[in-house]
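Reading through the structure tokens given below for one structure.
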Amino acid sequence: GNMVVVNTETGEKELLQDVPAVVGQGDCGLLDVLVHPDYATNGWIYFSYSEGDTTSNTMVVDRAKLDGLKLVQRERLFIALPYYNKPLHHGSRLVLKDGYLFIGMGEKTDLKDSAQTLNNHLGKVLRIYEDGRIPEDNPYVNTPNAKPEIWSYGHRNPNGMTLNPTTGELWEHEHGPMGGDEINIIKPTLNYGWPVITYGLNYDSTVVGEGITEKEGMEQPLYYYRPSIAPSGMQFYTADVIPLWKGNLFIGSMVLRHLNRLVIENNKVIKEERLLTDKNWRVRSVKQGPDGYLYLGVD
């Protein structure tokens with residue numbers, strides 16, 4: 001649960017103070033951190049983390065400002081409901097766009113069927129205003145018993161989300177079970193299928209549900225990995241430092257331990273390359289720095 005400021009010129013690292021306590025077991029922890037695009041004027045830092053304990057926990061989103069090396073003015077923006085007694089599948093990734101905050105939330109494994117119902121936040125991509133308010137035009141605001149923050153559903157465990165700089169579309173990836181990691185373009189009200197359809201298997205090699213990969217009314221992934229790479233982090237490369245990579249999508253791999261490079265044309269993957277396989281790094285995040293280079297977070 002540490003939050004760290006890194007000087008990219010010297011490598012010096014400094015711990016921030018007054019970071020909230022997190023549940024640090026299983027899939028829980030400090031999950032994502034996002035600096036507001038207008039940070040220079042508003043100072044907001046957004047972050048998601050696991051709150052509670054091993055008997056009752058969930059994912060929450062806060063924002064705060066920096067006073068030196070101390071977090072101040074911390075505000076609670078979102079709580080994923082329900083809490084659950086196992087530290088499983090909290091996602092999560094954050095994206096800010098045009099005053100909205102998008103949040104990816106996992107389905108807590110045991111509660112996977114919740115991804116297909118609207119009375120909870122599990123297995124969903126959610127949309128709120130960047131100050132935590134609920135947008136009046138969210139698709140399920142007026143649906144009885146539905147959570148008003150829901151934007152899309154049928155997700156397993158989102159561990160990457162980013163904006164396509166060319167189209168402005170929200171792209172997401174999520175862990176499959178054994179195989180079937182997915183890349184999706186997220187749009188409101190769409191059902192992305194989990195756990196009804198999947199290209200993966202249960203961890204004991206049995207089929208998930210009816211063992212089907214498509215069904216009417218459910219979206220097909222833009223791309224999927226079989227076997228799983230265990231994707232984490234997601235970044236379109238937009239800089240000129242490495243011209244060959246401009247417009248490519250980069251995803252970290254935790255299980256197959258590499259940086260995954262995808263060449264995209266017309267919203268289709270036309271080439272995949274696996275970089276840095278010799279390093280044996282579990283890549284958890286990938287970000288483009290202001291200097292035009294890619295920065296990797298590794299275990």
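The values are calculated or read from the model by the stated rules, or taken from the named source; none is laboratory data. Because the structure is predicted, anything quoted here is derived from the model rather than measured. Cβ coordinates were reconstructed from backbone atoms using ideal geometry, including for glycine residues, and neighbour counts include every protein chain displayed. Each accessible area value is taken on the protein alone, full model and side chains, heavy atoms only, with ligands, DNA and RNA left out. Shrake-Rupley method; radii C 1.70, N 1.55, O 1.52, S 1.80 Å.
Hand me the chymotrypsin sites (Phe, Trp or Tyr not before Pro) from the range 18-62 located in a DSSP loop with no more than 16 other Cβ atoms within 10 Å, in residue order please. Each step should come with its number before you reach the end.
Details: sites: Tyr39, Trp44, Tyr46, Phe47, Tyr49; in loops: Trp44.
Here no loop site has a sparse enough neighbourhood.
Would you please name the GluC sites (Glu not before Pro) within the range 7-51 that are DSSP coil residues with at most 13 other C-beta atoms within 10 Å of their C-beta? Don't jump to the answer; show the numbers that get you there.
Values: sites: Glu9, Glu12, Glu14, Glu51; in loops: Glu9, Glu12.
Within the range 7-51, the qualifying GluC sites (Glu not before Pro) (loop, at most 13 other Cβ atoms within 10 Å) are Glu9, Glu12.
Close amide H partners of Val208, meaning residues 5 or more places away or on another chain with modelled amide H under 5 Å apart, are Asn202.
The calculated FRET efficiency for the pair Val5 and Glu169, based on their C-beta separation and a Förster distance of 30 Å, comes to about 0.45. Computed from label points 7 Å out along Cα-Cβ, the spacing between Ser56 and Asn266 is 5.4 nm.
Our coupling estimate for the range 257-268, obtained by passing each phi through the Karplus curve with A = 6.51, B = -1.76, C = 1.60 and θ = phi - 60°, is 6, 6, 9, 8, 10, 10, 8, 10, 9, 6, 6, 10 Hz, Gly and Pro reported as x.
Pairs of Cα atoms nearer than 8 Å and 6+ residues apart set the relative contact order; for the range 131-246 it is 24 percent. Over all other residues within a Cβ to Cβ distance under 14 Å of Val269, the charged ones net out to 0, with Lys and Arg as +1 and Asp and Glu as -1. With a 1.4 Å probe rolled over the protein heavy atoms of all chains, the accessible area of Asp53, Asp98 falls in the order Asp98, Asp53, largest first.
Over the chain, average the accessible area per residue using a 1.4 Å probe and give it in Å², no decimals. Kindly include the intermediate steps, with their values, before the conclusion.
Values: 14060 Å² over 299 residues.
Per residue, the chain has an accessible area of 47 Å².
For the range 118-209, which trypsin sites (Lys or Arg not before Pro) pass both filters: DSSP loop (anything but H, G, I, E, B) and at most 15 other C-beta atoms within 10 Å?
Values: sites: Lys124, Arg127, Arg133, Arg156; in loops: Arg133, Arg156.
Sparse-neighbourhood loop trypsin sites (Lys or Arg not before Pro): Arg133.
Got a sec? What order do Tyr192, Tyr153 fall in by accessible area at 1.4 Å, biggest, i.e. largest, first?
On the way: Tyr192 5, Tyr153 40 Å².
Result of the area sort, largest leading: Tyr153, Tyr192.
Taking every alpha-carbon pair under 8 Å whose residues sit at least 6 apart, the chain reaches a relative contact order of 9 percent.
Counting only Cβ charges, +1 for Lys and Arg and -1 for Asp and Glu, the dipole size of the chain around its Cα centre is about 280 debye.
Relative to the current alpha-carbon distance between Glu216 and Asp131, full extension at 0.36 nm per residue lengthens the span by 27.0 nm.
The stretch between Asp113 and Leu244, if pulled fully straight at 0.36 nm per residue, gains 42.9 nm over its current Cα-Cα span. Taking 0.36 nm per residue of separation and subtracting the Cα-Cα distance, full extension of the segment from Leu81 to Ala21 would add 19.7 nm. Extending 7 Å from Cα along the Cβ direction at Asp299 and again at Val35 yields two label points whose distance is 2.8 nm. Inter-label distance, Leu256 to Thr277: 0.9 nm, where each label sits 7 Å from its Cα along the C-beta direction. Between the entries (1) -0.32, -1.05, -1.43; (2) -0.55, -1.03, -1.28; (3) -0.25, -0.92, -1.46, the label attached to log10 I(q)/I(0) by the Debye sum over Cα atoms at q = 0.07, 0.13, 0.16 Å⁻¹ calculated for this structure is (3).
Would you mind pulling out the separation of the Cα centroids of the range 226-272 and the range 108-173, in Å? With the range 226-272 and the range 108-173 each reduced to a Cα centre, they are spaced 23 Å.
Across the range 120-126, coupling constants 3J(HN,Hα) worked out from phi with the 6.51/-1.76/1.60 Karplus curve, θ = phi - 60°, read 8, 9, 7, x, 10, 9, 10 Hz, and Gly and Pro carry x.
Our helix-only sum for the chain, with -39,500 (n - 2.57) per DSSP H run of n ≥ 4 divided by its residues, gives a mean residue ellipticity at 222 nm of 0 deg cm²/dmol.
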